[in-house]
Amino acid sequence: MPMFDKALAIFSNLNYTYIAIISAFFAAVANIAARALLKEAKSYNIMGLSFLMIGSSMLIFSPIFYFFNPTWTAIGLLYLIGIIDATANYFYFKSFEKSEAGVATSLLALAPAITFIGSFVFLGTETSFIKVIFSICIMLGIIFLSTDIKNIKKSFHTSLFAPLMACLLFGLSSIPSKFLLSNLTAINAPTLYMFRATIIGMISFIFMRPNLQSLTTQLYKLIWLQGFLAIIQWVLLYFALSKGNPGITMTLANVSPVFTVFLGYLFLKERITKRKVTSAILIFTFSILIIFL
């Protein structure tokens, strides 16, 4: 408990924008692990297992961080988040079956567009005009990085549909997550992710019926590693979301293409181009402007 309290104190003193950027880095590493994993296994065989492993791992350490005030509203929102994110994660895993890690992560990073709209409509969150412009510039950089204009029709059918659906749903789920974490203050970030992972895992097992016998010991280790990275990514994201503007939080937490482009080259030998480098620099520049504005 003292260790968790110290870690909580450190992050409480950080601006939520820094926490979101750290989350983006771990998202990039988790995406690289997911890409490597899905070269060896189908998404329907590992999705449910991955989330149940995350939930059970966090349950072991839950006495350190657990906090939940189970009102009917809080329980309803928790299940809503779980259902939306179960669908989102199905498309997330499908994204890495069809796309390079850099391309898939770039499209997933468009989720803030949905969050900005949803947080304004449902939460009444207002954002300064200049920060919205900077966020749009980041999204334009992401589109420039990920879109193959010459082959856009083919790309839509082969690699863009799944990540676009995932980003739509992830952006949508951030709205009830923000309300649950901040407006109700009924749950904290790690407890929310523990329940979320467990709900997603259960739904996935029921509907996908995975064939666990097809998985090797090496794949189990890789699943656990990807899940561990996802825990860090999402707990940090939820913590940032509880502290700050949801649209800005999601924008900065999704700048993972800046990291993924280079990590994909280093670890997966994926092609790196001037277009990707230019876009990554654009995304990074406007992210810095949002942080220090």
Entry for Rg and Dmax of the Cα atoms in Å (calculated from the structure that is shown) out of [x] 18.1, 56; [y] 18.2, 53; [z] 19.7, 68: [x]
Karplus-derived HN-Hα couplings along the range 36-50 (A = 6.51, B = -1.76, C = 1.60, θ = phi - 60°), whole Hz, x at Gly and Pro: 5, 5, 7, 6, 10, 9, 7, 4, 5, 7, 10, 4, x, 4, 4
Computed [θ] at 222 nm, deg cm²/dmol, the chain (DSSP H ≥ 4; -39,500 (n - 2.57); rounded to nearest 500): -25500 deg cm²/dmol
Exposed GluC sites (Glu not before Pro) absent: longest stretch of the chain, with sites in DSSP loops and at most 14 other Cβ within 10 Å deemed exposed: 127-293
GNM result for the chain, Cα springs below 10 Å: residue of 208, 53, 194 fluctuating most strongly: 208
Gaussian network model of the chain, Cα within-10 Å springs - most flexible of 185, 73, 17: 73
Max mean-square fluctuation residue, GNM over the chain, Cα-Cα springs under 10 Å, options 178, 94, 274: 274
Neighbour count of at most 13 Cβ within 10 Å plus DSSP loop: longest chymotrypsin sites (Phe, Trp or Tyr not before Pro)-free window in the chain: 68-293
Of 42/269; 131/243; 42/276; 42/221; 94/131; 39/243, those spanning more than 25 Å from alpha-carbon to alpha-carbon: 42/276; 94/131; 39/243
The range 13-33 residues near the modelled residue 219 label - backbone nitrogen below 17 Å, point 7 Å along Cα→Cβ: 33
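None of the figures in this text is laboratory data; all of them are computed from the coordinates on show. For clarity, every value in this text was computed on a predicted model and none was experimentally measured. Positions of Cβ are backbone-derived with ideal geometry, glycine not excepted, and every protein chain shown enters the neighbour counts.
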